[in-house]
1. Got a number for residues in the range 45-89 being modelled with pLDDT of 95 or more and over 28 Å from the mean Cα position of the chain (by Cα)?
2. Could you grab the pairs with beta carbons closer than 9 Å, sequence gap of 6+ or different chains, first residue in the range 117-132 and without any contact (Cβ under 8 Å) to a residue 40 or more places away in the chain, second one among the acidic types (Asp, Glu)?
3. Report, by residue number, each residue of the range 89-147 that is in contact with a helix residue (DSSP H, G or I) (Cβ under 7 Å, 6 or more places away or on another chain) and basic (Lys, Arg).
4. If you take the residues in the range 27-44 that are within 51 Å of the chain's Cα centre (by Cα) and of a type outside the set (A, V, I, L, M), which one is surrounded by the most Cβ atoms within 10 Å (Cβ to Cβ)?
5. For the range 103-123, how many residues are among the β-branched types (Val, Ile, Thr) and farther than 11 Å from Ser141 by Cα?
6. Taking the stated definitions as given, is Leu65 assigned to a helix (DSSP H, G or I), in contact (Cβ under 8 Å) with a residue 24 or more places away in the chain and over 30 Å from Arg137 (Cβ atoms)?
7. Of Thr70, Thr130, which residue is hydroxyl-bearing (Ser, Thr, Tyr), part of a helix (DSSP H, G or I) and closer than 30 Å to Ser28 by Cα?
8. Any chance the range 117-140 includes a residue that's surrounded by 13 or more Cβ atoms within 10 Å (Cβ to Cβ) and of a type in the set (A, V, I, L, M)?
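The values are calculated or read from the model by the stated rules, or taken from the named source; none is laboratory data. The model shown is predicted, which means the values in this text are computed figures rather than measured ones. Every residue, glycine as well, gets a Cβ built from its backbone with ideal geometry; the counts of neighbours run over all protein chains shown.
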Amino acid sequence: MKSLSWLPAFFLIFAAAAFAQQVQTSKSTLTLPDLGGATSENSLRQAKAIVEIALGELGADVAGLIKEETVLGTEVAAFQASQRAEQAIFDKVKGKYDARLAAYENIVAQLSSEILAYNALPPGQRDAGTLDQLSRRKAVSDREPGG
């Protein structure tokens, strides 16, 4: 049913062309005869031949459009499949990144709270070894990949 989506537009174009007395196709522009002035059999045959030519050319144009629509539909489907595959890869990588970032943020938060607790101690209770150990742990966590 989707391939018939061109049908209303086709009839509108043809109706508009009939009122305008001209039909433009990809091959030519045909002037439709005025049937009101046709009085002989020969003029009616000539009018019929022109209309048949116009319908044939319009039919060929519509067939070409349907073919193009099919090709474009295939290309769109391939693009969407590729996009879904790329999105799946991105989501996987982002999930790993988010997990590593969360782990790093937890380490930094713990170290920061330990350093803040150490700094809150009165100067007499501070141990230089503890400060060095906290500083080394923080430096190591900063050098870790993802950190």
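1. 0
2. Tyr118/Asp127; Leu121/Asp127; Thr130/Glu114
3. Scanning the range 89-147 gives Arg126, Arg137, Lys138.
4. Residue satisfying both the conditions and the ranking: Pro33.
5. 1
6. Yes: the conditions hold for Leu65.
7. The conditions single out Thr70.
8. There is at least one residue in the range 117-140 that is surrounded by 13 or more Cβ atoms within 10 Å (Cβ to Cβ) and of a type in the set (A, V, I, L, M).
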